[in-house]
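Before any comments, here is the structure.
The values are calculated or read from the model by the stated rules, or taken from the named source; none is laboratory data. From a predicted model like this one, the values you see are computed outputs, not experimental measurements. With ideal geometry, Cβ positions are generated from the backbone for all residues, glycine too; neighbour counts draw on all protein chains shown. The area values use the complete protein model at the heavy-atom level, side chains included, leaving out ligands, DNA and RNA. Shrake-Rupley method; radii C 1.70, N 1.55, O 1.52, S 1.80 Å.
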Amino acid sequence: MADALSAIPAFVLRNLADKLYEKRKNAAIEVENVVKQLTAVGDHDKINAVINLLTHEFTYSSQSNHRKGGLIGLAAVTVGLTTEASQHLEQIVQPVIKSFSDQDSRVRYYACEALYNIAKVVRGEFIVFFNQIFDALCKLSADADPNVQSAAHLLDRLVKDIVTESDQFSIEEFIPLLRERMNVLNPYVRQFLVGWITVLDSVPDIDMLGFLPDFLDGLFNMLSDSSHEIRQQADSALSEFLQEIKNSPSVDYGRMAEILVQRAASPDEFTRLTAITWINEFVKLGGDQLVPYYADILGAILPCIADKEEKIRVVACETNEELRSMEADPAEGFDVGAILSIARSQLFSEWEATRIEALHWMSALLNRHREEVLNFLNDVFETLLKALSDPSDEVVLLVLEVHAGIARDSMHFRHLVVFLVHNFRIDNSLLEKRGALIIRRLCILLDAERVYRELSTILEGESDLEFASTMVQALNLILLTSSELSGLRDLLRKSLANAAGTDLFLALYASWCHSPMAIISLCLLSQAYQHVSSVIQSLAEEDVSVKFLVQLDKLVNLMETPIFAYLRLQLLEPGRHVSLLKALYSLLMLLPQQSAAFKILRTRLKTVPPYSFGGEKIKRSSSGNPFSQKYYITSEDRVSEDGDMDEDAHNMHSGVNFSSRLQQFKQMQDQHRMHIKSQAQARYSSMMSSKDVQRLEESEQSSTSSEINRPSRPARRGPGQRQL
């Protein structure tokens, strides 16, 4: 201290702490001259003493004017040292940096000014303090005093110039600080940071691209800033980096892909668009590096396919197609289970387009990696079944395609049909609204006969008789009306003359017994007219319910369609189809006379000619009963049709024991009648038990009330006692 006082006159020190700037400035010039003299003679001990004096007595003083004087004095010392400043730089710079956080804004301003002057002198030697200076400038860029901000900006420009021309700058040491500061939300700080990223990226010797994953998330975060200028600067920086990525042979796609996936779900529209654009380029450029990240990328793409912004939808769709077209192998890190899990989760999306693309992915995985997908079947099967209730028909059709892809082998086929029936059982609305669509589509994808045989086998042993009846009725209506099942209908029409048709008839018969109308329809379709007459005659009173009549109404209307054209044409030869006439008249007798179906069927039967067009003559009996007629036909026509043969001949001809089948039908209907009766009794018992409880409560209340209101009786007198 004494050395410093002897070197610097007392009046200079007084002026250095003066409140007037001019006096402090003049005093600083005196200090500069003193230091120059000391430097010339190489007296660095006294120079150290001067620096310590300025630091401790001035910059660390409680008086603001002293602190201002100390800062300008330290800058003067640096100027006086010139080329010798480097060996004293640590002592000079640290007090100045500390002054950046001074409570007095004027002190902070002079600190900027002092460091500016110091930096101009030492230039490249200054780099060793870069992180500390950067951190201080980052805070000063958001200073409340505009004069301090202005001074900081001037210093910032000088530091950028020094860094860009220096070969001593360490990007590795700087990146952790930059990564930490990227989370700051202050708009001034954000501008400061983007400015530095842009400047450093422009320096050829600094590899900012290699460290992009460290601050990429921060740049994307700025895209949603309220300031248009900041958004624009961040976008410009990102565009420049993306262009560099396209031209670079070596890029760390993986770490950046993780960031982009998160940003693709941003609530900010511009951020989502930028993220999905980057992902699109990464998918095209990344190659094998991105294979382990395919699942995460898919999870980001699928929601964007249904984005409200058209630009995002277009880029997302393009990226999705590009990703799906890539041939990746599980041995290379392609995680089938992870991709399948993402696709499954997106089936719950509220957006139809997303659900559709998720199903396309499932189909693609099945086609390319079937064995791997089947390993995860338990994870996705239930979700796929639930998706059959999706409000979108297109989604349901795609779900069925996936199911069909799974069910190509017999084990999974059986599994599918069993679970499908189970879903129909527990969800009546699914059968009602989507049953026809589901069954018809499966018949196209998996062979109609195979589907119907499996369904029939399952329903034959169904314990829920009411559901079995409903399901069989639905299947029967689909069989009679769907164009997809025309081949099945053709096979059934030949069932009495074709072994394959007979086998199918028998396969369906057992389960079709759950519904009288289904059996009647099946027999009419299979031209088993004698048997259908027997079935109709076997119906009991309770079988002809309102539900039965509604189904009969539908059947009558269906008989007027092209599906039953062959049946109507057979009526031209009544002599060969007596059982058909009997069956149709039996149905007519069951219909209410005022119903439209009765009138339709009666009108049709009136058109039956009194003679056959096959050449045979018909003679009616005198009784007037249409079924007591006797027909005389040529012998060659006698065995070709069901209607004219006795039961034994009929059974031998078709290979079907119709007597046994009729007993099977009767037994099943007996089960249904018992089930209906037990249900009715249960409802009656429940209703009566509730009434009994009510009556008991009312009786108890009445008894209690009467006891309260009844007058008390006098006690009986014993012998010899008098009533008082």
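A few comments on the model shown:
- Cβ-Cβ under 8 Å pairs, at least 6 apart or on other chains, the stretch 254-269 side within 16 Å of Lys284 (Cα to Cα), far side of a type in the set (S, T, N, Q) and open to solvent by 40 Å² or more (accessible area, probe 1.4 Å): Gly254/Gln289
- Residue in the stretch 80-95 that is crowded, with 18+ Cβ neighbours inside 10 Å, under 21 Å from Ala136 (Cα atoms) and acidic (Asp, Glu) present: no
- Residue that is farthest from Gly69 (Cα to Cα), among those in the stretch 34-54 that are open to solvent by 40 Å² or more (accessible area, probe 1.4 Å) and among the polar types (S, T, N, Q): Gln37
- Segments classed as helices (runs of 4 or more DSSP H), wholly inside the stretch 10-80, with at least 3 members that are free of Cβ contacts under 8 Å to residues at least 40 places away in the same chain: 10-16, 21-41
- Among the residues making up the stretch 276-292, those that are within 17 Å of Gly333 (Cα to Cα) and open to solvent by 50 Å² or more (accessible area, probe 1.4 Å) are Asp288, Gln289, Pro292.
- Any hit, the stretch 59-67, residues being modelled with pLDDT under 90, open to solvent by 40 Å² or more (accessible area, probe 1.4 Å) and farther than 15 Å from His88 by Cβ: no
- The lone exception for Ser250 - which of (1) open to solvent by 40 Å² or more (accessible area, probe 1.4 Å); (2) in a helix (DSSP H, G or I) it fails: (2)
- Only residues that are free of Cβ contacts under 8 Å to residues at least 12 places away in the same chain and among the acidic types (Asp, Glu) were counted in the stretch 554-597, giving 0.
- All positions within the stretch 297-321 that are closer than 20 Å to Leu242 by Cα, crowded, with 19+ Cβ neighbours inside 10 Å and either in contact with a Lys or Arg (Cβ under 8 Å, 6 or more places away or on another chain) or of a type in the set (D, E, K, R) (or both): Ile312
- Taking every residue in the stretch 233-247 that is closer than 15 Å to Asp217 by Cα and pairing it with any residue that is outside any helix (DSSP H, G or I) and not polar (S, T, N, Q), at least 6 positions away or on another chain, the pairs with Cβ-Cβ distances below 7 Å are Ala234/Leu223; Asp235/Leu223.
- Counted as qualifying within the stretch 438-509 are the helices (runs of 4 or more DSSP H) with 1 or more residues that are open to solvent by 50 Å² or more (accessible area, probe 1.4 Å) and over 22 Å from Phe413 (Cα atoms), namely 465-481, 486-493.
- Where a residue in the stretch 402-413 is under 14 Å from Asn375 (Cβ atoms) and its partner, wherever it lies, is surrounded by 19 or more Cβ atoms within 10 Å (Cβ to Cβ), with Cβ under 7 Å and at least six apart: Ile406/Leu366; Ile406/Leu416; His412/Ile406
- Lone unmet requirement of (1) in contact with a helix residue (DSSP H, G or I) (Cβ under 7 Å, 6 or more places away or on another chain); (2) open to solvent by 10 Å² or more (accessible area, probe 1.4 Å); (3) not polar (S, T, N, Q) for Leu522: (2)
- Within the stretch 519-547, the set of residues being out of contact with any Leu (no Cβ under 8 Å at 6 or more places or on another chain), hydrophobic (A, V, I, L, M, F, W, C) and under 19 Å from Phe467 (Cα atoms) comprises Ile519, Val546.
- Pick from the stretch 361-404, criterion modelled with pLDDT of 90 or more and among the small types (Gly, Ala, Ser), ranking: farthest from Leu298 (Cα to Cα): Ala404
- Candidates in the stretch 218-228 are the residues that are open to solvent by less than 50 Å² (accessible area, probe 1.4 Å) and in a helix (DSSP H, G or I); of these, the one that is nearest to Phe282 (Cα to Cα) is Phe220.
- Subset of the stretch 327-347 [part of a loop (DSSP other than H, G, I, E, B) and open to solvent by less than 50 Å² (accessible area, probe 1.4 Å)]: Ala328, Gly333, Phe334, Leu347
- Residue within the stretch 379-400 that is within 22 Å of the chain's Cα centre (by Cα), open to solvent by 50 Å² or more (accessible area, probe 1.4 Å) and of a type in the set (S, T, N, Q) present: yes
- Some residue of the stretch 126-141 being among the small types (Gly, Ala, Ser), in a loop (DSSP other than H, G, I, E, B) and open to solvent by 60 Å² or more (accessible area, probe 1.4 Å): no
- Answer residue from the stretch 142-159, given it is charged (D, E, K, R) and in a loop (DSSP other than H, G, I, E, B) and is farthest from Ile175 (Cα to Cα) among those: Asp145
- Consider the stretch 511-565 and keep the residues that are in a helix (DSSP H, G or I), acidic (Asp, Glu) and under 48 Å from the mean Cα position of the chain (by Cα). The one that is farthest from Glu460 (Cα to Cα) is Asp553.
- Criterion: open to solvent by 80 Å² or more (accessible area, probe 1.4 Å) and in a helix (DSSP H, G or I) - qualifying residue of Arg231, Arg272, Arg179: Arg179
- Residues of the stretch 348-378 satisfying the condition of being closer than 20 Å to Glu332 by Cβ, open to solvent by 20 Å² or more (accessible area, probe 1.4 Å) and aromatic (Phe, Trp, Tyr): Phe376
- Condition broken by Asp288, with the remaining ones in (1) under 24 Å from the mean Cα position of the chain (by Cα); (2) more than 24 Å from Phe192 (Cβ to Cβ) satisfied: (1)
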